[in-house]
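None of the figures in this text is laboratory data; all of them are computed from the coordinates on show. In this text the structure is predicted, and so the values were computed from the model without any measurement. FYI the Cβ positions are ideal-geometry reconstructions off the backbone, even for glycines, and counts take in every protein chain you see.
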Amino acid sequence: MLFGASVRGDIPSSLGSSAADTSKAIGELWKNVTPSQKNHWSEQAEAEKNQCGKAQLKWDAEFATLESQKLAEAPDTEAGPSRDERR
């Protein structure tokens, strides 16, 4: 994805503007990338993946805390029987 984003602007519009045409062109460019360049892009992708994973964990924890607070603050009212209990 990172490689594709970096070369997308270099793809001539004469190749077509559809997503399929763009993806094919990016795939052809990727085939010609050297192993060391591929390693560079793979390392960048892994670093971004780790960063996003950490951000997701932080968000999950904050969301769980907010949900717990909402439940604790919710009024304790009798809602009546559930649909299954009415049957």
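To the nearest µm²/s, what D does Stokes-Einstein give for segment 1-56 at 20 °C and 1.002 mPa s, using the Kirkwood radius over alpha carbon pairs as Rh?
Values: Rh = 12.5 Å.
Value of D from the Cα-based Kirkwood radius: 171 µm²/s.
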For this session: State, to one decimal in nm, how far the label point of Glu43 lies from the label point of Ala72, with both points 7 Å from Cα in the Cβ direction.
Result: 4.5 nm
Problem set entry | Per-residue HN-Hα couplings for segment 27-44 [Karplus 6.51, -1.76, 1.60; θ = phi - 60°; Hz; x = Gly/Pro] | x, 5, 5, 4, 4, 8, 6, 6, x, 5, 5, 4, 4, 4, 5, 5, 5, 5
